[in-house]
Amino acid sequence: MNSQQIRQAYLDFFKSKEHLIVPSAPLVAKNDPTLMFNNSGMAQFKDFFLGNGTPPARRIADTQKCLRVSGKHNDLEDVGFDTYHHTMFEMLGNWSFGDYFKKEAITWAWELLTTIYKLPKDRLYVSVYEGDPKDGVPFDQEAWDLWKPIVGEDRIILGNKKDNFWEMGDTGPCGPCSEIHIDLRPESEVQAVSGKSLVNQDHPQVVEIWNLVFMQFERKADGSLLPLPATHVDTGMGFERLCMAVQQKTSNYDTDVFQPTIGLLEQMSGKTYGQQTYPDIAMRVISDHIRAVAFAIADGQLPANAKAGYVIRRILRRAVRYGYSYLGLQEPFFHSLIPLISAQFETVFPELKAQETFVTKVILEEEKSFLRTLASGLKRLDVMMAKQQQDGLNTIPGPDVFELSDTFGFPVDLTALIAREKGLQIDEQGFNDALAQQKNRSRKDAAKEATDWVELRETEDFEFLGYDFEETHSHIVKYRKVKTKGGIEYHIVLDRSPFYAEMGGQVGDTGHLTGEIDNEPFKISIVDTKKENDLFVHISKDKDLEVILQNAGVVTAQIDSDRRARIKANHSATHLMLSAMKEVLGSHIVQKGSFLNDQVLRFDFSHFAKMSEAEMKAVEDRVNEKIRENIALDERNNVPIQEALDLGATATFGEKYGDFVRLIIFDKDYSFELCGGTHVPATGEIGLFKFVSEGSVSAGVRRVEAVTGDKALQMMREQEDKLNQIKELLKNPTDLVKAVENLLEERSSLQKQVAALQNEKLQTVKADLIAGLEKHRAFSLIVAKVEIPSADALKQLSFELKDQIENLIVVLGAVINDKPQLSVYIAESLVKEANLHAGKIVKELAREIKGGGGGQPFFATAGGSDASGLETALEKAKDLF
């Protein structure tokens, strides 16, 4: 079976067991603050295990993109050095949410492995949890009793907490598990040593392929375990290891999952896989890392200098360095692997194929950036390592490691890796100290210190009514008092609200809450609305609100309707603009970010070329055409996600949507998007659309800003006013463009005349200087104060003099724009023979004019603030020579 058949057989098997097959969640974990990346198959289902949501079915199966490069689950350092660890990998999983439990999970696992995949039963071992008295979790007798008739006692292994109690992180759902291991060694080795003794001993051919986790507990922050409301099954089978077992290989990298990439690397490098240690490691690293980088970018995480973006940049640079050092690939190469990867995964993870050009170009720009410093960084590291070895030391100091990171872009783990290859290590603590010092220098004080919530009403229900209403009657559920740099804020939660909370690029609503206490009216100003843990938090900066909030009862919540109208216009215009961009620039255009308020719309999108004026006009014309058509909004709520996608709705790559979504449609054949924001009832209300600016944000990402309605009209009138002012200044010419062209030509002609006059004067000054030349035995000397128009003229004068006179030393002083200037020129022959240095001399002279400067040994300049000291500086120069 090839890898695609192996994957499909898994999904088909569990479909036959009444499982719903669901798509993979994005690799980037955007909605889980405890994770940077989805590191397991269960990550997207965590809320279901905790009872915080309802799954689309009680039985689910999928293949999930996972990334393990940080935190508790980190396989990065093993990648390439062994044959079965990866950064990005696929996790095949089947799930039960309060439905079946251990019996079905164990029985079906054995059936699939031995009947469908036909893995040899005598090469399989299983493990069960031995229990832990400290946690209060007993030996898993049930799993033991289920496995015993299937495999026999001699193939069951008791596992400790490390191996057989699965936890996603420090907190969250967890439980005992049964692992299934396979022995892939040659028969002669199997006969000599039992595979049972090699389970969980890091043997490259005795590996775990499937983990059956029985979710029974939730780990709390204090370390305690609480039973979950219902028991669940969470299984995870490493797709790459499964392919190794089914295809009877001894390495994941020998399967058809990785061999196409390795084959392409062989062509690029001229090296043959399987012959040399480090070139082989390099090919394994690169073929693994390209998948992690490609899918992370496709799912919305660009390489960057912090957090998740830095992780992706680290992986990318690790791969590029291996290609550079061991495959001789010293020009950008990593990006050229993308077409192969996108084609390989097109049917299972189509998001990469859809953004192939964008992802390729982002990686190319990253490669170019790193390669600019890689060679010099490696040389610097070689010097550091040689010094340590010469001194009989084996540790590279932390400040040196930090220098490589800060100056040459070497991630600390890359430096550690290169050091290990030379038998050295790094001072991690010293690096962390240097990094902390830098952070301390730039760290700002924490912006907020929040108090605990004051609960006023017991309710878990919250309604957002802002799509249909701009005013509601509401109860205050809770509030808290928050200290910020700007003063005190009150955060208020209502049971129902028309206020839209900031999300999806759209800013939060403003407005006010009104009511009465003992027949006395009150009004609370709301300056912003934020979303926090699914709550809409209304922010007020009014003073001393505790009494009002505690006694208010029912309030009327009223948004600023005029502001909302302008925001809606900008949001709807963004949808129209995206569709127009795809028409004008190409279907590769993908949203990479947005910001929408009542003043402007800002939109980031994937594109590698600056938009031309013609393209911007074409987009503007198309958007304004749709505005004039006054297309009515077709708004559909609670549409099943798959139904929406099947209808052709545009989704933002990297966003995780719920099972039911909201559709915003302005003509199904034009603008058809998933969106939670607020919109105009018809496009005519947008009024007018006009671009303000276009520019670059990062590699492969452009940004436009635009205005609509009154703001667009205001901007155009301001431009018209400026144009009229220019006309008046030019005496209202008939042809304004021709008048400006004539003015520029006249200016250019005058500049040339001025330059000619200045040069003529400069030649007179030069002649006078030559006439006053002092000749010494070994050199000629000119020290003088001159009248010249600019610092450039000072340099020009010095260099023209040196072209005419051999062995010359020139010290010139001038006052330019009321500031004293000095220059020193020394013939290069004198620099070498007399050990003179113009930079050092000019610094000494600059003291007299209360200034400073420097430069090269043969020419240097200085500026100052005290022109009265210029004569003294020149006299001092004469004494020096």
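Modelling each spin label as a point 7 Å along the Cα-to-Cβ direction, I'd like the GLN330/GLN247 distance in nm, to one decimal.
Calculated label separation equals 3.4 nm.
Would you calculate a helix-derived [θ] at 222 nm for the chain, using -39,500 (n - 2.57) for each DSSP H run of n ≥ 4 and dividing by the full residue count, to the nearest 500?
Taken over the chain, the calculation gives -12500 deg cm²/dmol.
Given H placed 1.01 Å from N in the peptide plane, which residues other than close sequence neighbours of GLY593 have an amide H under 5 Å from its amide H?
For GLY593, whose amide H was placed from the backbone, the distant partners under 5 Å are ASP604.
Between ASP391 and SER369, what FRET efficiency follows from the Cβ-Cβ distance if R0 is 41 Å, with the result rounded to 0.05?
Details: r = 34 Å, r/R0 = 0.82.
Calculated transfer efficiency: 0.75.
Roughly what % of DSSP beta bridges within the range 647-802 run antiparallel, to the nearest 5? Show your work: numbers first, answer last.
Working: 14 of 15 bridges.
Given both bridge residues lie in the range 647-802, the antiparallel proportion sits at roughly 95 percent.
Quick one: compute the contact order of the range 480-605, relative version, from alpha carbon pairs under 8 angstrom and 6+ residues apart, as a percent. Kindly include the intermediate steps, with their values, before the conclusion.
Numbers: 217 pairs, mean separation 29.9, N = 126.
For the range 480-605, the relative contact order is 24 percent.
For LEU633 and ILE726 in the same chain, what is the full-extension length gain: residue separation times 0.36 nm, less their Cα-Cα distance, in nm? List each step's numbers first, then the result.
Numbers: separation 93, 0.36 × 93 = 33.48 nm, distance 4.29 nm.
Contour length minus the Cα-Cα distance gives 29.2 nm.
Can you put GLU694, GLU331 in order, fewest other beta carbons within 10 Å first?
Numbers: GLU694 18, GLU331 11.
Ascending number of Cβ neighbours within 10 Å: GLU331, GLU694.
Between the range 228-286 and the range 783-835, how far is it from one alpha carbon centroid to the other, in angstrom?
66 Å
For the range 3-255, report the translational diffusion coefficient in µm²/s to the nearest whole number, using Stokes-Einstein at 20 °C, 1.002 mPa s, and a Kirkwood Rh over Cα pairs.
On the way: Rh = 18.5 Å.
Approximately 116 µm²/s, per Stokes-Einstein.
For a Förster distance of 30 Å, can you work out the FRET efficiency between the beta-carbons of VAL831 and LYS785, rounded to the nearest 0.05?
Working: r = 24 Å, r/R0 = 0.81.
About 0.80, to the nearest 0.05.
What is the fewest-to-most order of SER572, SER497, SER197, SER594 by other Cβ atoms lying within 10 Å of their Cβ? Display every interim value, and only then the final one.
Details: SER572 30, SER497 27, SER197 10, SER594 20.
In order of increasing Cβ crowding within 10 Å: SER197, SER594, SER497, SER572.
Roughly what angle does helix 356-390 make with the longest principal axis of the chain, taking Cα atoms, 0 to 90 degrees, to the nearest 10?
In the chain, helix 356-390 runs at an angle near 80 degrees to the longest axis.
Return, ordered by residue number, the residues of the range 520-561 whose backbone nitrogen is under 20 Å from a label point located 7 Å along Cα→Cβ of ILE488.
Residues passing the 20 Å test: 522-528, 538-553.
Sum up the charges of everything whose Cβ sits under 10 Å from the Cβ of MET283, counting Lys and Arg as +1 and Asp and Glu as -1, but leave MET283 out.
Details: positive: LYS271, ARG284; negative: GLU266, ASP280, ASP288.
That works out to -1.
If neighbour count is taken as other Cβ atoms inside 10 Å, put GLU189, GLU833 in order from fewest to most. Present the calculation step by step, with values, prior to reporting the outcome.
Working: GLU189 15, GLU833 12.
If I rank by nearby Cβ atoms, fewest first, I get GLU833, GLU189.
Roughly what would the spin-label model give for ASP452 and GLU871, points 7 Å off Cα along C-beta, in nm?
7.9 nm
Between LEU20 and GLU142, what length comes free when the chain is fully extended (0.36 nm per residue of separation minus the Cα-Cα distance, one decimal in nm)? Write out the running numbers ahead of the final one.
Values: separation 122, 0.36 × 122 = 43.92 nm, distance 2.70 nm.
Working it through step by step, the gained length comes to 41.2 nm.
Return one number: the angle in degrees, 0 to 90 and rounded to the nearest 10, between the long axis of the Cα atoms of helix 709-729 and the longest principal axis of the Cα atoms of the chain.
Roughly 10 degrees, rounded to the nearest 10.
Quick check: from the Cα gyration tensor, does the range 585-718 come out rounded (a/c under 1.5), prolate or oblate? Could the numbers behind the result be given before it?
Working: a/c = 1.91, a/b = 1.28, b/c = 1.49.
In terms of gyration-tensor shape, oblate.
Let me check I've understood the local charge: for TYR253, count other residues with C-beta under 14 angstrom from its C-beta, Lys and Arg +1, Asp and Glu -1. What total comes out? It would help to have the intermediate numbers written out before the result.
Working: positive: ARG241, LYS249, ARG284, ARG291; negative: ASP78, ASP82, GLU240, ASP254, ASP256, GLU266, ASP280, ASP288.
Net charge around TYR253: -4.
Nearest 5 is fine: what % of DSSP beta bridges in the chain come out antiparallel, could you say?
Values: 130 of 149 bridges.
Once the DSSP bridges in the chain are tallied, antiparallel ones form about 85 percent.
Kindly express, to the nearest 10 degrees and within the range 0 to 90, the angle between helix 102-111's C-alpha long axis and the longest C-alpha principal axis of the chain.
The angle comes out at about 80 degrees.
Using a Förster radius of 60 Å, what is the FRET efficiency between LYS161 and HIS473 based on their Cβ-Cβ separation? Nearest 0.05, please.
On the way: r = 54 Å, r/R0 = 0.90.
It comes out at approximately 0.65.
Using Cα pairs under 8 angstrom and six or more residues apart, how large is the relative contact order of the range 585-718, in percent? Present the calculation step by step, with values, prior to reporting the outcome.
Numbers: 218 pairs, mean separation 39.4, N = 134.
So the answer I get is 29 percent.
Looking at the range 767-881 only, what percent of DSSP beta bridges run antiparallel? Nearest 5 please.
Close to 75 percent.
Could you give the length gained by full extension between GLU583 and GLN259, i.e. 0.36 nm per residue of separation minus their alpha carbon distance, to one decimal place?
On the way: separation 324, 0.36 × 324 = 116.64 nm, distance 3.84 nm.
Gain on stretching GLU583 to GLN259: 112.8 nm.
What residues have an amide H closer than 5 Å to that of LEU20, excluding those fewer than 5 places away on the same chain, when H is modeled at 1.01 Å from N in the peptide plane?
Placed amide hydrogens put ARG59, ILE60, ALA61 under 5 Å from LEU20.
Take every Cα pair under 8 Å in the chain that's 6+ residues apart, average their separations, divide by the length, and report that relative contact order as a whole percent.
6 percent
Grab the other residues whose beta carbon is less than 14 angstrom from that of LEU723, score K and R as +1, D and E as -1, and report the net.
Numbers: positive: ARG717, LYS722, LYS727; negative: GLU718, GLU720, ASP721, GLU728, ASP735.
Surrounding charge for LEU723 is -2.
In whole angstrom, and with the biggest value first, how far do the Cα coordinates of the range 448-559 range along each principal axis?
Principal extents (Cα only, largest first): 38, 32, 25 Å.
Read the figures in this text as sums done on the coordinates, not as results from a lab. Keep in mind that this is a model prediction, so the values were computed, not measured. Heads up, the Cβs are rebuilt from the backbone with ideal geometry, glycines too, and the neighbour counts pull from every protein chain shown.
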